[in-house]
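Visitor: Got a structure for you, written out below as structure tokens; questions coming shortly.
No lab work stands behind these numbers, since they all come straight from the coordinates. Please read these numbers as outputs of a predicted model, since none were measured by experiment. Backbone-built Cβ (ideal geometry, glycine too); neighbour counts: all protein chains shown.
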Amino acid sequence: MNIVVIEKLVPDLVEELEISDTGTSLDMEWLRLIINEFDDHALEQAILIKESSDAHITVISPQFEGVDDILFTAISKGADRVIKLAGDFENDLNSHALARTLSNIVKEINPDLVLTGVQANNDLDGSVGPLLSEYLGIPYVGYVAGVSIENENVKVRKEYPGGLGAEMLVTMPALLGIQAAESPPRYVAISKIRQAMKTAEIVEMDVSDLDTSGGPPVNRMYLPESGERATMIEGDEEQVAARLIEIFKELDVL
Amino acid sequence: MTTSALEELSITESFYESLFEVEEGERIRTCLQCATCSGVCPFGYLMEYPPGKMISMMRANLFDKVLDSESVWMCISCYACTEVCPKKIPLTPGLMTRVKEELLLAGNIPSELQSALEFSQRYGNPLGESPKKRADWIRGVTPPIPLMKEIARPVDILWFVGDYPSYHPRIQQTSRAFANILNALDIDFGILGREESSDGDSQRLAGEKGLFEILAEKNGKVFENYQFNEIVTTDPHAYNAIKNEYPKLGISYPVRHYSEFLFERLEQIKPLLVNEVNAKVAYHDPCYLGRVNGIYDPPRELIKAIPGIDLVEMSHNRETSLCCGGGGGGMWLDGYQWERAHVRLSEWRVREAVSSGAEILAVACPYEPPRFEDAAKMVQGASTLNIKDVIELLAVSIGE
């Protein structure tokens with residue numbers, strides 16, 4: 001079974017986000033990037049499939065800072081081949097552009113399954129999954145929290161709001177937007193990643209002509225502004241706690 | 001011999017031989033199976049394979065069963081076993097840590113610990129805080145704490161602050177108190193601030209040797225950029241790492257724990273201790289200061305120098321001190337261990353403090369204040385027990 005996993009790096013929210021001088025995008029200079037958590041689950045799901053049945057996993061990721069680390073980590077977890085999309089993505093890579101670029105590469109690989117995270121925190125123009133499936137002309141199921149292979153088909157468990165779930169049989173080739181892998185992304189020892197860095201190779205594919213049409217026109221990007229009805233309580237823990245007790249008493253809840 | 005028996009032999013054998021690479025590791029061959037280690041281990045009664053039994057499983061060629069078991073994660077690397085072994089087998093570094101390494105390589109670790117290790121690798125601290133905020137605690141401190149990058153000159157002392165003293169609100173108090181003491185003594189010091197990474201010792205003891213090496217190398221490179229006479233640290237784990245482990249990686253600097261450093265200056269400090277602290281104080285020997293590095297008296301002498309203090313001893317002290325439960329990854333195994341033990345080591349220790357009649361439990365390691373303070377909320381009779389680092393007691397006595 002031939003599986004492709006699409007991963008991308010997104011802003012790490014541990015750092016504070018700053019808006020760039022243009023006022024329409026994030027300031028990328030001080031931003032740290034981290035693997036999109038849902039893509040990490042997609043990789044884990046692929047590895048789980050590989051562990052239960054024979055599979056070959058190719059991981060593809062666009063070149064952002066830290067891409068080598070996530071690709072070597074994928075190798076040490078069990079991926080067979082890793083591809084870096086080389087290019088200057090300074091002006092951000094919208095989902096339409098990424099999906100178009102990926103579709104040519106994925107068509108060449110001709111996989112049975114494409115797994116990617118169902119969403120990412122910087123998807124301004126929608127998620128990559130549905131867009132890519134449309135360009136590839138294959139079915140897409142999103143919010144998938146369980147995958148098993150049944151002969152020529154793949155059985156997925158899809159989550160709906162309200163606690164509803166559905167089990168579907170999907171013909172392959174298919175693209176799945178992973179919400180959660182069947183078990184949390186595994187830990188891999190640093191020594192194993194270092195080992196992968198020495199022995200494994202990252203294939204580089206140049207993607208210079210990006211068709212970014214379909215991306216959103218951003219008028220303004222700004223940090224959440226506190227509304228008038230919110231009072232920010234200042235002070236250290238003791239002062240804040242004392243003020244809170246005052247307020248609860250005023251509101252007659254204490 | 002069947003093929004599977006041959007395979008079993010090689011797992012046990014290759015692991016066994018790897019133990020000899022640890023200093024004095026070959027002593028494991030001389031184990032008497034006296035079970036003192038398993039007996040003294042605070043969580044030994046909960047382990048499927050406490051240290052002594054691990055050794056017997058190795059001798060019986062059944063070590064793969066030990067590697068299948070998770071109970072090694074109850075070990076907090078407190079060195080109690082190592083301390084009492086009559087054959088002086090280095091059980092903690094030479095067996096428990098190695099088993100954790102094997103489990104970790106197989107990806108078999110509790111999720112709490114996984115997060116702490118992933119954070120350490122990404123952010124240089126196990127708390128998952130931004131590395132840019134590592135020196136935020138110095139804001140508002142007067143006189144301002146010198147940052148090596150800013151002052152750009154040699155100093156006498158490089159103060160290696162550590163993760164919890166930098167980020168944890170409770171221990172930031174200890175850090176500020178230490179700055180006060182250094183200023184009162186006119187010490188020429190500096191800190192690395194954002195350039196500092198976790199010392200890596202607890203991560204090493206939790207089985208992540210590769211991560212430890214990365215962190216040590218990072219710190220080593222930063223040390224090279226600056227000139228100083230010695231490193232002083234308020235964290236026994238950082239002290240242990242820099243003194244005993246970093247040199248193995250070629251990173252060699254003179255280092256002392258604050259207790260030794262201040263004890264050396266006791267005659268200079270005494271006249272500054274103007275305020276009385278009228279209390280019964282019990283001193284808790286941190287594992288990595290006491291058992292592991294043999295420092296028992298300097299902290300006690302510092303406490304005794306404070307006017308008004310009545311120093312008492314708890315029933316377990318010095319070499320028999322009871323671990324707070326934080327070391328060796330224990331800080332990030334709390335949930336896991338609680339599920340199995342339904343008791344925390346820190347609560348045992350607080351109970352001892354209460355029995356000793358102490359009003360203040362004095363500590364000398366950054367993991368301890370939050371652990372003992374939480375325990376004091378749970379233990380009967382401990383609601384009035386105060387937990388203070390020796391630094392904080394000195395600072396109170398000095399005043400300002």
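Visitor: What are the ³J(HN,Hα) couplings of the range B:315-330, residue after residue, when phi is run through the Karplus curve with 6.51, -1.76, 1.60 and θ = phi - 60°? Round to Hz, x for glycine and proline.
Guide: Karplus values, whole Hz, x for Gly and Pro: 5, 9, 8, 6, 5, 9, 3, 8, 4, 6, x, x, x, x, x, x.
Visitor: Using the Karplus curve 6.51 cos²θ - 1.76 cosθ + 1.60 with θ = phi - 60°, work out ³J(HN,Hα) for each residue of the range B:16-21 in order, rounded to whole Hz, and write x for Gly and Pro.
Guide: Ordered by residue, 3J(HN,Hα) equals 3, 5, 5, 5, 6, 6 Hz.
Visitor: Same structure, new question: Under 17 Å from the 7 Å Cα→Cβ point of A:A166, by amide nitrogen: which residues of the range A:110-135?
Guide: Label zone hits: A:130.
Visitor: Let me ask something additional. Residues with amide H under 5 Å of B:V22's amide H, sequence separation 5 or more or different chain, H placed in the peptide plane at 1.01 Å from N; which?
Guide: none
Visitor: For Cα pairs less than 8 Å apart in space and 6+ apart in sequence, what is the mean separation divided by the residue count of chain B, i.e. the relative contact order in percent? Walk me through the intermediate numbers first.
Guide: On the way: 676 pairs, mean separation 61.8, N = 400.
Computed over chain B, the figure is 15 percent.
Visitor: Please report the net charge: other residues with Cβ closer than 13 Å to the Cβ of A:D54, K and R +1, D and E -1. Kindly include the intermediate steps, with their values, before the conclusion.
Guide: Values: positive: A:K50; negative: A:E51, A:D80, A:D112.
Cβ neighbours under 13 Å give a net charge of -2.
Visitor: Moving to a separate point now. Explain nothing, just the number: relative contact order of the range A:1-149, from Cα pairs under 8 Å at least 6 residues apart, as a whole percent.
Guide: Normalised by residue count, the contact order of the range A:1-149 is 30 percent.
Visitor: With unit charges on the beta carbon (Lys/Arg positive, Asp/Glu negative), name the residue among B:P110, B:G94, A:I19 whose Cα is farthest towards the positive pole of the charge dipole of the protein assembly as shown.
Guide: Selected residue: B:G94.
Visitor: With a sphere of radius 12 Å drawn around the Cβ of B:Q227, what net charge do the other residues whose Cβ falls strictly inside it have (Lys, Arg +1; Asp, Glu -1)?
Guide: On the way: positive: B:R153; negative: B:D156, B:D188, B:E224, B:E230.
With Lys, Arg at +1 and Asp, Glu at -1, the neighbours total -3.
Visitor: Can you list residues from other chains, or at least 5 along the same chain, whose modelled amide H is less than 5 Å from the amide H of A:I19?
Guide: Counting only residues 5 or more places away or on other chains, the set is A:D27.
Visitor: Check B:Y283: other-chain or 5+ apart residues with amide H under 5 Å from its amide H, H built from backbone geometry?
Guide: So B:Y283 has HN proximity to B:V312, B:M314, B:A362.
Visitor: How fast does the range A:1-92 diffuse by Stokes-Einstein, in µm²/s, taking the Kirkwood radius from C-alpha pairs at 4 °C and 1.567 mPa s? Please report the intermediate quantities before stating the final value.
Guide: Working: Rh = 14.2 Å.
Rounded, D is 91 µm²/s.
Visitor: Hey, fewest Cβ within 10 Å first, where do A:E51, B:E70 land in order? Let's see the in-between values first.
Guide: Working: A:E51 9, B:E70 14.
Ordered by Cβ neighbours within 10 Å, fewest first: A:E51, B:E70.
Visitor: Given a cut-off of under 8 Å on Cα pairs at least six residues apart, what relative contact order in percent is computed for the range B:266-398?
Guide: Values: 211 pairs, mean separation 44.0, N = 133.
Across the range B:266-398, relative contact order equals 33 percent.
Visitor: What does the extension gain come out to for A:I233 and A:L26, with contour length at 0.36 nm per residue minus their alpha carbon separation?
Guide: Working: separation 207, 0.36 × 207 = 74.52 nm, distance 2.82 nm.
Extending this stretch completely gives an extra 71.7 nm.
Visitor: Going by C-beta contacts inside 10 Å, put A:D69, A:D40, B:D186 in order with the fewest on the left. Kindly include the intermediate steps, with their values, before the conclusion.
Guide: On the way: A:D69 16, A:D40 23, B:D186 7.
If I rank by nearby Cβ atoms, fewest first, I get B:D186, A:D69, A:D40.
Visitor: So what's the back-of-envelope 222 nm ellipticity for the protein assembly as shown, counting only DSSP H runs of four-plus at -39500 (n - 2.57) apiece and dividing by all residues, rounded to 500? Walk me through the intermediate numbers first.
Guide: On the way: 26 runs with 248 residues, N = 654.
After summing the helix terms and dividing by the residues of the protein assembly as shown, the value is -11000 deg cm²/dmol.
Visitor: Right, another one. Apply the Karplus parameterisation 6.51 cos²θ - 1.76 cosθ + 1.60, with θ equal to phi minus 60°, to every residue of the range B:344-354 and state each ³J(HN,Hα) to the nearest whole Hz, in sequence, with x for glycine and proline.
Guide: Each residue's phi maps through the Karplus curve to give 10, 4, 4, 6, 4, 5, 5, 4, 5, 5, 4 Hz.
Visitor: Lys/Arg Cβ at +1, Asp/Glu Cβ at -1, dipole of the range A:101-229 taken about the Cα centre: which of A:P139, A:L113, A:S103 is farthest positive-ward?
Guide: Most positive-ward Cα: A:L113.
Visitor: Only counting other Cβ atoms within 10 Å, I'd like A:D88, A:D112, B:D285 sorted with the fewest neighbours first. Intermediate values should be presented prior to the final figure.
Guide: Working: A:D88 10, A:D112 16, B:D285 26.
Ordered from fewest to most neighbouring Cβ atoms within 10 Å, A:D88, A:D112, B:D285 come out as A:D88, A:D112, B:D285.
Visitor: May I have the pair-distance distribution P(r) for the range B:111-264, computed from all Cα-Cα distances with 5 Å bins from 0 and rounded to whole percent?
Guide: 2, 9, 20, 24, 22, 15, 6, 2, 0, 0
Visitor: Under 13 Å from the 7 Å Cα→Cβ point of A:E152, by amide nitrogen: which residues of the range A:171-190?
Guide: Backbone N within reach: A:171-173.
Visitor: If you don't mind, there's one more thing I want to ask. What is the magnitude of the charge dipole of the protein assembly as shown about its Cα centre, with +1 placed on the Cβ of each Lys and Arg, -1 on the Cβ of each Asp and Glu, and no other charges, expressed in debye to the nearest 20? If you can, show how the numbers build up before the last one.
Guide: Numbers: 59 positive and 101 negative charges, 378 e Å.
Charge dipole of the protein assembly as shown: 1820 debye, to the nearest 20.
Visitor: Moving on. One-quarter of the Cα convex hull surface for the range B:140-231, in nm²?
Guide: The number I arrive at for the range B:140-231 is 6.3 nm².
Visitor: While we're here: B:Q227 to B:E313: FRET efficiency via 1/(1 + (r/R0)^6), r the Cβ-Cβ distance, R0 41 Å, to the nearest 0.05? Walk me through the numbers on the way to the answer.
Guide: Details: r = 42 Å, r/R0 = 1.02.
About 0.45, to the nearest 0.05.
Visitor: Then there's this: In 10 Å bins starting at 0, how do the alpha-carbon pair distances of chain B split up by percent?
Guide: For chain B, the binned pair fractions read 5, 23, 32, 25, 12, 3, 1, 0 percent.
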